[in-house]
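**Q** Pasting a structure here, questions to come.
The values are calculated or read from the model by the stated rules, or taken from the named source; none is laboratory data. A quick note: this is a predicted structure, and the numbers were derived from the prediction, not measured. Positions of Cβ are generated from backbone atoms using ideal geometry, with glycine treated the same way; all protein chains shown enter the neighbour counts. For accessibility, only protein heavy atoms count, side chains too; no ligands or nucleic acids. Shrake-Rupley method; radii C 1.70, N 1.55, O 1.52, S 1.80 Å.
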Amino acid sequence: MTGRFAFRFMKGSLTQKLKQMASPVANPRHYCSSSSSSSSSAKPKLSQSSRKERLLAGAAIGVVGGAYASTLDKETFSGWLFTATKALNPMFALLDPEVAHRLAISAAARGWVPREKRPDQQILGLEVWGRRFSNPIGLAAGFDKNAEAVEGLLGLGFGFVEVGSVTPIPQEGNPKPRMFRLRNEGAIINRCGFNGEGIVAVAERLDTQNSKRKPKKTSTSSNDEVKHGQGILGVNIGKNKTSEDAVADYVQGVHALSQYADYLVINVSSPNTPGLRKLQGRNQLKDLVQKVKAARDEMEWGKVGPPPLLVKIAPDLSKQDLEDIAVVALDLHLDGLIISNTTISRPEAVERNPVSEEGGGLSGKPLFNLSNDILKDMYILTKGKIPLVGCGGVSSGEDAYKKIRAGATLVQLYTAFAYGGPALIPQIKAELAGCLERDGFKSIYDAVGADCR
């Protein structure tokens with residue numbers, strides 16, 4: 001009798017704890033229930049969520065004590081699922097970084113991750129390149145290199161997901177180990193070197209997934225709350241390590257993959273492919289962009305037109321380099337720039353960590369200030385005429401907000417997601433909405449470049 005009472009007490013306590021943990025993650029209105037005034041003796045109805053979601057919830061709650069949590073609606077249940085992942089995420093830290101990454105991709109590909117059922121707040125919605133984004137928070141390239149988990153990752157609540165970098169020919173990348181955690185600094189060093197399955201395998205996957213993804217239409221009413229659709233898909237293309245004709249590699253990537261992309265990215269800034277960053281030079285970049293645009297434009301496109309073309313640049317650039325890139329971007333009418341890739345520098349914040357001596361690109365919190373400085377410079381150099389995507393060191397809604405104020409229209413993250421897991425996404429979106437409202441901005445557009453005016 002005593003044991004049964006203890007179990008019921010533990011179950012009730014843990015259920016209440018989950019509710020308390022879930023409540024601050026997103027806008028409180030997402031958790032409101034019309035049945036809040038009903039009798040306490042009435043049994044709550046079980047959510048009609050998918051079987052996979054129920055299994056995930058049961059596993060996650062079991063980790064923290066074996067409690068059972070019933071739900072009143074899908075949105076509340078979704079919030080609890082995201083909160084429950086906080087109990088599972090630390091387990092990934094016990095694994096080798098690349099093994100943990102592989103498991104995360106496999107889980108997302110199989111639908112073993114939470115699916116966001118709560119609509120994004122209207123203040124986060126925006127339109128860029130004629131595409132409707134439910135929110136400006138995206139997943140950077142490098143996480144899903146082979147487009148294995150697009151649906152699962154978009155379902156987490158990202159406004160957009162970028163796959164790749166994809167090379168024409170499959171390649172194993174650099175020797176292992178090639179990923180290193182700097183946990184105390186919230187950073188990662190990687191020297192993977194465009195490891196991936198190549199454009200044929202990626203094209204086949206995207207072709208299969210393409211029928212599941214719905215077109216993103218702009219809402220006919222500005223008063224409608226922006227809801228999650230299937231999200232925006234970016235495709236990031238690169239060159240093979242041993243290729244002697246970089247332009248040909250990018251053109252091949254455009255021909256094979258652009259039909260599946262909501263936007264295309266030319267990656268010329270990875271520090272882990274020899275000679276790649278030389279393509280950021282004024283003449284080299286101009287020649288590359290011209291030929292890639294020509295390859296894209298020679299293809300047949302419907303009313304929607306070809307996907308926008310962006311270039312991803314490094315944070316380790318001189319003022320002259322930035323000026324040259326800005327001139328090319330404006331002269332050739334590039335659709336956007338992603339700022340920035342990883343850095344080969346080692347900021348003071350990581351110098352004392354022995355892992356910082358490993359070669360490769362550094363990402364995460366120590367990159368934030370460096371990438372933000374480049375972002376501001378490029379916003380000024382391009383006169384705010386080109387949409388910029390801020391990437392580097394984003395780990396909170398406040399960080400995302402600072403990127404936007406520095407000139408970014410959209411924001412990407414990767415390292416913080418690797419550490420924080422799915423629960424970080426609704427947290428960042430809620431914090432970002434709060435920052436905009438706090439400072440009196442009515443939309444993302446109003447805040448873009450606010451620190452550069």
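**Q** Could you order the peptides 361-373, 324-336 from most to least packed, using the average number of other C-beta atoms within 10 Å per residue?
**A** Result, highest mean first: 361-373, 324-336.
**Q** Oh, and also: On average over all directions, what projected area in square nanometres does the stretch 229-303 have, based on the convex hull of its Cα atoms?
**A** In nm², the orientation-averaged hull projection of the stretch 229-303 is 5.9.
**Q** I've got another one for you. Within the stretch 344-383, which GluC sites (Glu not before Pro) sit in a loop by DSSP and count at most 14 neighbouring Cβ atoms inside 10 Å?
**A** GLU351
**Q** In addition: Computed over the Cα atoms of the stretch 109-221, what is the ratio Rg over Rh, Rh following Kirkwood?
**A** 1.02
**Q** Are there any trypsin sites (Lys or Arg not before Pro) in the stretch 101-157 that are in a DSSP loop and have at most 15 other Cβ atoms within 10 Å? List them by number.
**A** Sparse-neighbourhood loop trypsin sites (Lys or Arg not before Pro): ARG110.
**Q** Using only the alpha-carbon atoms, what does the stretch 383-444 span along each of its principal axes? Please give whole angstrom values in decreasing order.
**A** The Cα atoms of the stretch 383-444 stretch 35, 24, 12 Å along their principal axes.
**Q** Quick check on packing: order 189-202, 279-292 by the mean number of other C-beta atoms within 10 Å, highest mean leading.
**A** 189-202, 279-292
**Q** Sorted from largest down, give the three principal axis spans of the alpha carbons of the stretch 342-453, whole angstrom values.
**A** Ordered largest first, the stretch 342-453 gives principal extents of 45, 35, 19 Å.
**Q** In addition: Summing Lys, Arg as +1 and Asp, Glu as -1, what charge do residues with Cβ under 15 Å from the Cβ of VAL448 carry, VAL448 excluded?
**A** Net of charged neighbours comes to +4.
**Q** Of LYS293/LYS429; LYS117/LYS442; LYS286/LYS385; LYS239/LYS303; LYS293/LYS365, which sit over 27 Å apart, Cα to Cα?
**A** Result: LYS293/LYS429; LYS239/LYS303; LYS293/LYS365 exceed 27 Å.
**Q** Excluding ILE237 itself, what net charge comes from residues whose Cβ is under 12 Å from its Cβ, given Lys and Arg +1 and Asp and Glu -1?
**A** Local net charge: +2.
**Q** Keeping the other protein chains in place, figure out the carbon and sulfur percent of the accessible area of the stretch 276-320, with a 1.4 Å probe.
**A** Exposed carbon and sulfur together represent 50 percent of the surface.
**Q** How charged is the neighbourhood of GLY157? Take every other residue with its Cβ under 9 Å from the Cβ of GLY157, and add Lys/Arg as +1 and Asp/Glu as -1.
**A** +1
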